[in-house]
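Where a number appears in this text, it was derived from the coordinates with a stated rule and is not lab data. Note that the structure is predicted; figures quoted are calculated from it, not measured. Note that we place each Cβ from the backbone using ideal geometry, even for glycine, and neighbour counts take in every protein chain shown.
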Amino acid sequence: MSVQFPDLGIFPVYECFAAVLRRGAYGANRKFKPPRYQAEPPMEIRTAVTADEVQWRGLWRGYTESYETHLPEHVTAATWRRIVAPEPAIPCRFAEQEGRLPGFSHSPPHEGTFR
């Protein structure tokens with residue numbers, strides 16, 4: 001969206017506001033930097049694969065630390081094996097963005113309560 005000012009020309013809206021500020025309408029000492037909008041790279045939700053272990057361990061460590069919990073290595077290793085087993089006991093999904101894994105969810109199945 002753009003706006004036309006008789007003495008300034010046509011500008012995108014955020015640049016109009018910046019131009020008005022530069023001209024001193026809101027005070028000479030006020031500084032304004034127009035926002036730079038950038039589209040987020042696409043994010044994919046997918047199932048865990050064995051190659052995800054290193055990134056999962058970092059996320060898992062942060063998760064357990066947020067609960068002020070320390071799990072022994074054998075528990076973490078067993079959890080990962082259960083996630084990537086051919087018939088996963090703990091279904092795990094990752095959010096993947098540009099090769100990074102910014103988040104995960106563990107969804108252990110259990111019986112529903114609405115039967």
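A few points about this structure:
- Environment charge of Asp52, counting only residues whose C-beta is closer than 10 Å and scoring Lys/Arg +1, Asp/Glu -1: 0
- Near Phe104, the amide H atoms lying under 5 Å from its own belong to Ala95; only residues 5 or more places off or on other chains count, and H is placed 1.01 Å from N.
- Net charge of neighbours whose Cβ lies under 13 Å from the Cβ of Arg61, counting Lys and Arg as +1 and Asp and Glu as -1: -3
- Net length available on complete extension from Ala51 to Leu71 is 5.0 nm, with 0.36 nm assigned per residue and the Cα-Cα distance removed.
- Three-way shape call for segment 44-106 based on the alpha-carbon gyration tensor, with the a/c threshold at 1.5: oblate
- Using the Karplus relation 6.51 cos²θ - 1.76 cosθ + 1.60 with θ = phi - 60°, the per-residue 3J(HN,Hα) values for segment 43-60 come to 10, 10, 9, 8, 6, 5, 10, 4, 5, 7, 4, 4, 5, 4, 4, x, 5, 5 Hz, with x marking Gly and Pro.
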